[in-house]
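Here, each number is a calculation from the coordinates, and none is a lab measurement. Please read these numbers as outputs of a predicted model, since none were measured by experiment. Methodologically, a virtual Cβ is constructed for each residue, glycine included, from the backbone with ideal geometry; neighbour enumeration extends over all protein chains shown.
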Amino acid sequence: MNWIRVLSEQELPEGERKVVEVEGKSILLLHHKGVVYAMNSKCPHMGGPLVKGKISPDGAIICPWHHSAFDLRTGDVSEWSPWPPVAGKVLGIISREKALPVYPTRVEEGSILVGL
């Protein structure tokens, strides 16, 4: 695994989010409850940005556009586009359930590193 320094620890205080470009990937960094998470910055459902997504009590980021929810640790889908019945069925056909790519992180010597 290649560990890449993306920010200083001070640049991402608790509760903050930042989108960074790392080796051609747009990655959302999120500091939540003392842990730094890194994930693809766009929802795999229809590509909407996740930077303003809410965090659920069970530790999932919720897409602000389509309301799909992804576990912060694993990227697994906890809820896929809970639209009204007709729209949900149509969008389910267009875009199949996909996990959100996540990346390991670590904090070392005051820097946040992402593993690719």
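Please give every one of the lysines within straight-line cross-link reach of LYS18, meaning a C-alpha to C-alpha distance under 27 Å, and leave out same-chain neighbours fewer than 8 residues apart. Within reach: LYS33, LYS42, LYS52, LYS54, LYS98. Let me check I've understood the local charge: for VAL51, count other residues with C-beta under 13 angstrom from its C-beta, Lys and Arg +1, Asp and Glu -1. What total comes out? Here the count lands on +4.
Percent of Cα pairs in region 10-73 per distance bin of 10 Å, from zero to the largest separation: 23, 57, 20, 0. Available extension along the chain between GLU23 and ARG106 is 28.1 nm, counting 0.36 nm per residue and deducting the alpha carbon span.
Using helices alone, what [θ] at 222 nm do you get for the chain, with -39,500 (n - 2.57) per DSSP H run of 4 or more residues, divided over all residues and rounded to the nearest 500? Numbers along the way, then the final one.
Values: 1 runs with 10 residues, N = 116.
Value at 222 nm, helices only, nearest 500: -2500 deg cm²/dmol.
Work out, in µm²/s and without decimals, the Stokes-Einstein translational diffusion coefficient of the chain at 4 °C, 1.567 mPa s, Rh from Kirkwood over C-alpha pairs. For these conditions, the coefficient is 89 µm²/s.
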